[in-house]
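I have placed the structure first, in the form of structure tokens, so that the comments after it can refer back to it.
The values are calculated or read from the model by the stated rules, or taken from the named source; none is laboratory data. For clarity, every value in this text was computed on a predicted model and none was experimentally measured. Positions of Cβ are generated from backbone atoms using ideal geometry, with glycine treated the same way; all protein chains shown enter the neighbour counts. These accessible areas exclude ligands, DNA and RNA; they are computed on the full protein's heavy atoms, side chains included. Shrake-Rupley method; radii C 1.70, N 1.55, O 1.52, S 1.80 Å.
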Amino acid sequence: RPEIDKWAKEGFQAIPEDDHIRFKWFGCYLQKPKTDGYFMMRMRIPSGQFTSNQGREIAKFTNERARGLIDVTTRQCFQVHWLTIADIPPIIDKLEEIGLGVLGACGDITRNITGNPLAGIDPDEYLNATGLISRYVKEISERPDLGDLPRKFKVSISGAPHNLAQPEINCIGVVGAKLEVNGETKYGYTIRVGGGLSTNPYFSKWLNVFLKDDNEVLAVCAGLTELYRDYGNRENRRKSRMKFLMEAWGPEKMREELEKKLGYKLTDYPNPQVVERNSDPLGPNKMKQPGMNFIGVPIKVGRLNGDQLKVLCDIA
């Protein structure tokens, strides 16, 4: 960060070319043509949840510094374009001031944690995973020893049994689950590992385990991330995602290596299922809070301008 502050004063030409790629860890990429000196910045917004006041601040600096345009990404983040090096420090400062940030938005690191977009209001969810996601960011995503992974690492966490958080296509997909024990229903999570799209698409595979609480989810996810750090392919970036490690090991070995790291056997959970929800919940829908509704609003090709974001915040 001190170097970014220095370059912001000295100008784009002062940045060594070798350092261009390192901006990823601060959520920034150079736009093409890279010689023009403009950056794209992606923000970290865990599970896509932000307050109206946070949204107004984002709309404000978008209009002032980013030509008024915001992209909503598939990882539930915002990203803006046309930033100069001088724009980057004040925007990072503002994001930190309002409780958001950029660390982990890009780079070979755990990316923004995605979740059920209806967390806390979903009539179908078993557990509200919002607090779990907040802990994940602090206890795993921000761990310095997990800040240089073989490549990007994507995680989704939902307390619902459906696939609105897209667990099938994440490196780790945590899903709400229930277990019947002696006539008593226990709610927790189950997990699938090794999903991803791009040129080699893989659906993640179930580990067939039941995770009883937030602490166990965090321990399991930390263990899986460490396995990826230690055994992921660092020689060939085309083969360096978690999906390739899962393909090489299979779910049985992945679970075996994880349990070795944990030092205990996980609870068996055979034949886990996910409820297919193949459309977004648009329009007015009932919340789990009696008598209340939410409104799902489509955003064409994921693009907003700052004024539209402000109006959405005012309505909310």
Considering region 1-29, residues that are out of contact with any Phe, Trp or Tyr (no Cβ under 6 Å at 6 or more places or on another chain) and among the hydrophobic types (A, V, I, L, M, F, W, C), and then whichever is surrounded by the fewest Cβ atoms within 10 Å (Cβ to Cβ), we arrive at Ile21
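Anything in region 275-291 that is open to solvent by less than 100 Å² (accessible area, probe 1.4 Å) and over 29 Å from Trp206 (Cα atoms)? List them, or say none. Let's see the steps before the verdict.
Step one: list which residues in region 275-291 are open to solvent by less than 100 Å² (accessible area, probe 1.4 Å), which gives 275, 277, 279, 281-283, 285, 287-289, 291.
Residues satisfying the conditions are Leu282, Gly283, Asn285, Met287, Gln289, Gly291.
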Aliphatic (A, V, I, L, M), more than 17 Å from Val175 (Cβ to Cβ) and modelled with pLDDT of 95 or more, is that true of Leu211? no
Out of Pro272, Pro298, I need the residue that is open to solvent by less than 30 Å² (accessible area, probe 1.4 Å) and under 25 Å from the mean Cα position of the chain (by Cα). Which one? Pro272
Counted residues, region 17-62 - those being more than 17 Å from Asp93 (Cα to Cα), of a type in the set (S, T, N, Q) and modelled with pLDDT of 95 or more: 5
Failed item in (1) in a helix (DSSP H, G or I); (2) surrounded by fewer than 17 Cβ atoms within 10 Å (Cβ to Cβ); (3) modelled with pLDDT under 95, with Thr74 passing the rest: (1)
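Could you list, in sequence order, all residues of region 10-63 that are hydrophobic (A, V, I, L, M, F, W, C) and not in a helix (DSSP H, G or I)? Give the steps one after another, and end with the answer.
Going through region 10-63, the residues hydrophobic (A, V, I, L, M, F, W, C) turn out to be 12, 14-15, 21, 23, 25-26, 28, 30, 39-41, 43, 45, 50, 58-59, 61.
Of everything in region 10-63, those that are hydrophobic (A, V, I, L, M, F, W, C) and not in a helix (DSSP H, G or I) turn out to be Ile15, Cys28, Leu30, Phe39, Met40, Met41, Met43, Ile45, Phe50.
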Given (1) under 29 Å from Ile121 (Cα atoms); (2) open to solvent by 20 Å² or more (accessible area, probe 1.4 Å); (3) aliphatic (A, V, I, L, M), number of the condition Ala59 does not satisfy: (2)
Quick one: which of Arg65, Arg1 is farther than 22 Å from Pro298 by Cβ, touching a Pro at 6+ places or on another chain (Cβ under 9 Å), among the basic types (Lys, Arg) and modelled with pLDDT of 95 or more? Arg65
Which of (1) under 19 Å from the mean Cα position of the chain (by Cα); (2) without any contact (Cβ under 8 Å) to a residue 24 or more places away in the chain is the odd one out, the single condition Arg241 does not satisfy? (2)
Which pairs have Cβ atoms under 6 Å, sit 6 or more apart or on different chains, and link a residue in region 57-79 that is within 28 Å of Asn116 (Cβ to Cβ) and of a type in the set (Lys, Arg) to one that is modelled with pLDDT of 95 or more and not in a loop (DSSP other than H, G, I, E, B)? Arg75/Thr114
Selection over region 248-269 where residues are of a type in the set (A, V, I, L, M), buried (at least 18 other Cβ atoms within 10 Å of the Cβ) and closer than 20 Å to Gly188 by Cα yields a count of 2
